[in-house]
Amino acid sequence: MIFIPKNNFLYSVYNLVQTLCLINFFLTSKFFLLHSVAIQQTVHKIIIIIIKYFFIKSFFQIEINNFHKISSQQDRKPNFEHIFIKSLLDISSKSVVVSFFNLKKIYTNKCLKIRYLMDKSNLKKSVFNHSISNYILTLLVFSIGNAQLLSAYINLEIRSTRNHNAFMLFLKSVLHFVVTIVKYKKYSKPVGFRILVAGRFNGQSRSKIKQLRVGFLGLQSVKNNVDFHKCCCLTKFGSFGIKVWINYL
């Protein structure tokens, strides 16, 4: 979800954010996914930027030597917030208020509950059941506006695995799991999912289109609160198109 008024400076900030989001492995041994960006301008021409992102440290790093000591210079590497603010200073000298929200730190306690439920289900034995999928599942249950984050997660898994059909089955089971968990929530709950993925699954010679529909998703009425996002995934088998619809009640 990105809201941008018509302003040259705001468009330059938007392009800056999109450029940073093209790199999922944003820093060395880091994991980065963008949830949403909101850019607004007040009456007094003060620009407010709110960025929600998902950030896991050293998820894909394999420690060769456990006794290797990290130098103090590596500990002081600039993180995402410092790089973004420094790049804003180069664009303009206007009054800008930037707020960063790392969703991993916010939903850590709730992720433990979801992980406990995952261990009791059939999804525990799946290869795709790891800390990233647990956090994505937590955000789908306890927050709204997750179409961009879910599409980025699908993009990551399609690029990192060759068994795409097994991942689609796992994703369908996860979506059924989400609909079952939020069944007794009163408000702000996802009641329907629709996912379209097109590409060469498992490296086959011809491309196919696979669709996942879970729950209720009505696109005929304006009253439904539907979050939509699409992206392109580049792999060695070619490009995959990903579209995500989430219906909230």
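The values are calculated or read from the model by the stated rules, or taken from the named source; none is laboratory data. Quick caveat: nothing in here was measured; it's all calculated off a predicted structure. Cβ placement follows ideal geometry from the backbone for every residue including glycine, while neighbour counts extend to all protein chains displayed.
All told, residue 64 falls short of being modelled with pLDDT under 80, of a type in the set (A, V, I, L, M), more than 23 Å from the chain's Cα centre (by Cα) and surrounded by 11 or more Cβ atoms within 10 Å (Cβ to Cβ). Scanning the stretch 75-106 for residues that are touching a Leu at 6+ places or on another chain (Cβ under 8 Å), modelled with pLDDT of 65 or more and not in a helix (DSSP H, G or I) gives 96, 98.
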